Amino acid sequence: MSTQASAERADLAVVIGLEVHVQLETDTKIFCGCSTTAKEDEAPNSRTCPVCLGLPGALPAVNEAAVEAAVRVGKALDAEIAPETRFHRKNYFYPDLPKNFQISQYDAPICRDGSIEVSVEGERREVVIRRAHLEEDPGSIVHAGGSIDTADYTLVDYNRAGTPLMEIVTEPDFRSPDETRAFLAKLEEVLEYLSIFDGGRDGSLRIDANVSLVPATEVADDGTIDKETLAAANRTEVKNISSHKGAEKALAYEVTRQRNAIKRGRAIDQETRHWDESRGITVSMRAKEEEKDYRYFDEADIPPLQVADWRERLSIPELPDARRERFREEYGLDNEAAAKLTSTKQVADFYEDVAGEFDPGLAATWVADVLLGELNYRDMGVADVADRLGEVVTLIRLVDKEEITRKNAEEQVLRSMLDEGVDPETVIEREGLGTADEDEVVVAVREAIDANPGAVADYHDGEDGALNYLVGQVMGATGGTADPGTVNERLRATLAEANEG
Amino acid sequence: MAPKLNVYVTEETVPGAGDGPLAGRSVGVKDNISTKGIRTTCGSRMLADYVPPYDATVVKRLTEAGATITGKTNMDEFGMGTTTETSAFGPTRNPVDPTRVPGGSSGGSAAAVAAGETDLALGSDTGGSVRCPAAFCGVVGIKPTYGLVSRYGLVAYANSLEQIGPLAPTVSEAAELLDVIAGPDERDATTRYDDREGHPAETATYADAADGDVDGLSIGVCTELVEGADDRVAERFEAAVDELVAQGAEAKEVSLPSVETAVQAYYVIATSEASSNLARFDGVRYGQSGGYDDNWNQAFADSRASFGPEVKRRILLGTFALSAGYQDRYYRKAQDARAWIRRDFDETFDEVDVVASPTMPVLPFELGESLSDPLTMYLADANTTPVNLANLPAVSVPAGRADGLPVGLQLVGPRFGEKTIIRAASAVDA
């Protein structure tokens, strides 16, 4: 930040709080047996039943897997978990809401008072999670032929209705948009480690952000701001954010918009704003006249669920921060490699498999640099090749046994495996990439010497480049299957013999 | 020719399967219990064309037990009424006296049984809707303990209060029907009773309890619920209690002061829940369409105009009672009263086996008499609503007639004490 910019901004501090909706990866919906996984080209409203369609007389039955997922989230966020889980009805009319009420948790969230530590520009900060509760996802709305304002008609698809959602609410602890990005990335990482979240699924993460600016003088030394100041500040709620990158962009825009308005002496309207990702701006949706009355009350169809001993019963895996630290210590990895290798649980698990069989350094190079590099180049992730990791291990084993050169393994075999979907043996066989045997090298060396008398003469005259040239010729003749070191040695020996003879 | 009783909204026969316990018996099903392929109107114009794609759990159990379903019986719209006059399909008449109402809201079911149009029937009881028409039509009706019978497929009016219950000419036949429909259902989480002890219906055989043996049974006569009754009703009630005492039971007066709050508490809680339960009727997926002009709030409003006046009144009341700023004054207070009533009953059952009262404090109304005065109609629920608020079982059994009109005796039991009330009631109709 330039000095001038800091001076201009010094008078106002940014206050952001987040409400994050996360779809939980359970097999079935939260209150019925319908699948949560969209089939390819599925018809609208085909993945539904009387319960998630809200047909008269249908009743919800809690999917305990969703509650278990919520308990695991609570553990991972170091939150208090209520000993008894209760549900409430949130009443409002909307076409995507089959019953015109949403089953949610009002004053009895399953988790409260958790926290996540994030680090932004090397500085560690704790973000307090006020509460996290379970609820059902509504259906989705399709505005035919345009936006909500211009559509001729609206269609409703209830396939999504009843997908388990967890709403995670933070304290207004963020002091900049990049902090929200760091937090959300961290949250995604943790949820992914718990195997309850698929970031690739459309709508798996939805974020609402409350944004306001307060006089910087109101921020205490420990970064806190008193409640009255927060209550007095007019804030906007920004909706329709669907990724951590989107959050940073949307909130950077919104902070600038508010800052400019204040600079021009205009008041910030208390309102809901919509993040328009394609235009990169927030637009006013509606004025927030007053708190909406959702007439919350107990959902009597779902008896309270006793979960007091679930915290102990349900285990969670080692979380990313701890695993990163262990990778550094146990495998002697540097920060960057440790971070790359713990970016998802699948990568970390795979690395540990490989490191168990081979040298941890070789394993780190192969997984962090080679495999992730090639995948990244193809816009793929480890999840896309989850069923082929055995083939990758086979390839590393061949390199380790020197049955194929590292260069060929990386540049030919792995790439063909990824591009063509073939196994490593097939590529090696087809391309003749098995390491050249001694005889082949001897013949190729002989031929290179015979065919290049000029280079041989230069070599004997002590020209440095001559040997490299001859090595290149041998490598070319063996199709790269020879080991360059061996070729080098063999050439020197043969040239020495010839000179003596 | 006698005027048409109008007991069915839809007459359609569904044959039973095999030779189960109800083989050869016919059963009428209240029109708020979902029947696959047969329209289920809830007595409402809103659902005049609604055909469920699934069977309620009790309907499956009926047909699996060999019963033949005779049709869908008439009812007050969405169960909201005490006379079956709020039905969009016209009132049902009382077979005992066709100028009078059959009671409600399961009036079609009770009248069908009383008139012999069907052997047995299912009703639903939210605040007395099985017991009231049983009393008015001179048949037996049982409101089971909350959680004994699955509600899956019962179109909800007030879901924390209601249960599906049997109506039959005799106590033992009502108990037989209860045996078939009772039991846990994974689709209704409120039927889960106790993880260790299981569900009471898994071991109980209610029909066997109808043995008429009341020797040593202690009956608590609830003073608050007798005081308010019509003299002719009170007289029949006392005669019935005397009859039980003559058979070896003991009777004593018990006082449950909390029940005086029951009607108010009931109408706050029931209407609050109804305002939410009936929100789904917006014409989007089923029900009367609100059209496609204007915005969707207008379409919702146009769709919901097809509710009748009593339903609209209760939705408005309930919406108000749950609103911010009023919830503490109405809904919360009603829940406090509910807890008090529950405690009162619990304490009383430390002293007595059953609590007795007239089922209805009045004789059956003339057709049209109570419609113009909802408060009178609501007050007639004084004796039945405490039972729903306390989630307890109760039976209404015929206790003779006054001025030629049936009077019902209500016996209330402790939680899952169906056997006790069935045994006691069977001594009355023996």
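Rule-based calculations on the coordinates, nothing more; no lab input. On a predicted model such as this, the values are computed, not experimentally measured, just so you know. Cβ sites come from the backbone with ideal geometry, for glycine too, and all protein chains shown count toward neighbours.
General remarks:
- Checking B:212, B:216, B:123 one by one, the residue that is in a strand (DSSP E or B) and of a type outside the set (Ser, Thr, Tyr) is B:123 and no other.
- If you go through segment A:443-501 and keep only what is of a type in the set (D, E, K, R) and touching a residue at least 40 places away in the same chain (Cβ under 8 Å), you end up with A:446, A:483, A:490.
- Residues in segment B:21-53 that are within 12 Å of another protein chain (Cβ to nearest Cβ), farther than 17 Å from residue B:113 by Cα and buried (at least 19 other Cβ atoms within 10 Å of the Cβ): B:32, B:33, B:34, B:35, B:40, B:41, B:42, B:44, B:46, B:47, B:50, B:52.
- Among the residues of segment A:398-442, those that are among the basic types (Lys, Arg) and either more than 19 Å from residue A:471 (Cβ to Cβ) or in contact (Cβ under 8 Å) with a residue 40 or more places away in the chain (or both) comprise A:401, A:407, A:415, A:430.
- When segment A:141-166 is filtered for residues that are in a strand (DSSP E or B) and either of a type in the set (Val, Ile, Thr) or under 24 Å from the mean Cα position of the chain (by Cα) (or both), the ones remaining, listed by number, are A:141, A:142, A:154, A:156, A:164, A:165, A:166.
- Residues in segment B:363-379 that are buried (at least 20 other Cβ atoms within 10 Å of the Cβ) and within 21 Å of residue B:271 (Cβ to Cβ): B:370, B:377.
- Any hit, segment B:242-254, residues being away from chain A (no Cβ under 14 Å), basic (Lys, Arg), farther than 27 Å from residue B:178 by Cα and not in a helix (DSSP H, G or I): yes
- Here A:182, A:151, A:108, A:132 are screened, and the one residue that is among the aliphatic types (A, V, I, L, M) and free of Cβ contacts under 8 Å to residues at least 12 places away in the same chain is A:151.
- Which numbered condition residue B:427 misses (of (1) among the aliphatic types (A, V, I, L, M); (2) over 22 Å from residue B:338 (Cα atoms); (3) in contact with a strand residue (DSSP E or B) (Cβ under 7 Å, 6 or more places away or on another chain)): (3)
- Given (1) surrounded by fewer than 23 Cβ atoms within 10 Å (Cβ to Cβ); (2) in contact with a Pro (Cβ under 6 Å, 6 or more places away or on another chain), index of the condition residue B:264 fails: (2)
Results for (1) more than 14 Å from every other protein chain (Cβ to nearest Cβ); (2) surrounded by fewer than 24 Cβ atoms within 10 Å (Cβ to Cβ); (3) in a helix (DSSP H, G or I), shown as yes or no for each residue.
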position: B:133; (1), (2), (3): yes, no, yes
position: B:141; (1), (2), (3): yes, no, no
position: B:156; (1), (2), (3): no, no, no
position: B:178; (1), (2), (3): yes, no, yes
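A quick yes/no check of all residues on (1) in a helix (DSSP H, G or I); (2) surrounded by 14 or more Cβ atoms within 10 Å (Cβ to Cβ); (3) under 40 Å from the mean Cα position of the chain (by Cα):
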{"residue": "A:419", "(1), (2), (3)": "yes, no, yes"}
{"residue": "A:427", "(1), (2), (3)": "yes, yes, yes"}
{"residue": "A:440", "(1), (2), (3)": "yes, yes, no"}
{"residue": "A:443", "(1), (2), (3)": "yes, yes, no"}
{"residue": "A:447", "(1), (2), (3)": "yes, no, no"}
{"residue": "A:457", "(1), (2), (3)": "yes, no, no"}
{"residue": "A:469", "(1), (2), (3)": "yes, yes, no"}
{"residue": "A:474", "(1), (2), (3)": "yes, yes, no"}
{"residue": "A:487", "(1), (2), (3)": "yes, yes, no"}
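- Against the criterion of being under 28 Å from the mean Cα position of the chain (by Cα), crowded, with 18+ Cβ neighbours inside 10 Å, away from every other protein chain (no Cβ under 14 Å) and in a strand (DSSP E or B), residue A:128 does not qualify.
- Considered as a group, the residues in segment A:167-206 that are of a type in the set (Gly, Ala, Ser) and in a loop (DSSP other than H, G, I, E, B) include one that is surrounded by the most Cβ atoms within 10 Å (Cβ to Cβ), and that residue is A:204.
- Filtered by the rule that a residue be away from chain B (no Cβ under 12 Å) and either buried (at least 20 other Cβ atoms within 10 Å of the Cβ) or over 21 Å from residue A:310 (Cα atoms) (or both), segment A:86-120 gives A:105, A:109, A:110, A:111, A:114, A:116, A:117, A:118, A:119, A:120.
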